[in-house]
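First the structure, in the form of structure tokens, and then the observations on it.
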Amino acid sequence: MEEIELSDAEISAMLSLGSPRVSATTWEPPSIENTFLGMTQVAVRKALERMLEDYRVILVEEVGQTVGDESEIDGEITTLYQVFHLPV
């Protein structure tokens, strides 16, 4: 599993954003200034995009260890999302 590195500013931004609205296709941060801890909204969005992609890779790897066949991974992830009432 590959480790990702985030700057202190990226980590602080992710932890300090309050309650962003997240769905399967969009991410809308709470009202913030054009810059936040030295990061623009575009930079914050890109950092979150990278984190979500890394999470997806890790999730697929972990679920892949629990199913009998690789073709079952997507179905298992869909089931997990449904159990936790997350948009698929």
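The values are calculated or read from the model by the stated rules, or taken from the named source; none is laboratory data. This structure is a prediction, so every number in the text was calculated from the model and none was measured. Note that each Cβ is placed from the backbone with ideal geometry, even for glycine, and that neighbours are counted across all protein chains shown.
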Condition first: at pLDDT 85 or above and among the acidic types (Asp, Glu). Can you find one or more residues in the range 32-49 that meet it?
yes
When Ala24 is run through (1) in a loop (DSSP other than H, G, I, E, B); (2) among the hydrophobic types (A, V, I, L, M, F, W, C); (3) at pLDDT 90 or above, the failure sits at (3)
Flagged in the range 63-88 as of a type in the set (Gly, Ala, Ser) and in a helix (DSSP H, G or I), in numbering order, are Gly64, Ser71, Gly75
Can you tell me which residue is farthest from Ser7 (Cα to Cα) among those in the range 50-69 that are more than 14 Å from the chain's Cα centre (by Cα) and surrounded by 10 or more Cβ atoms within 10 Å (Cβ to Cβ)?
Val67
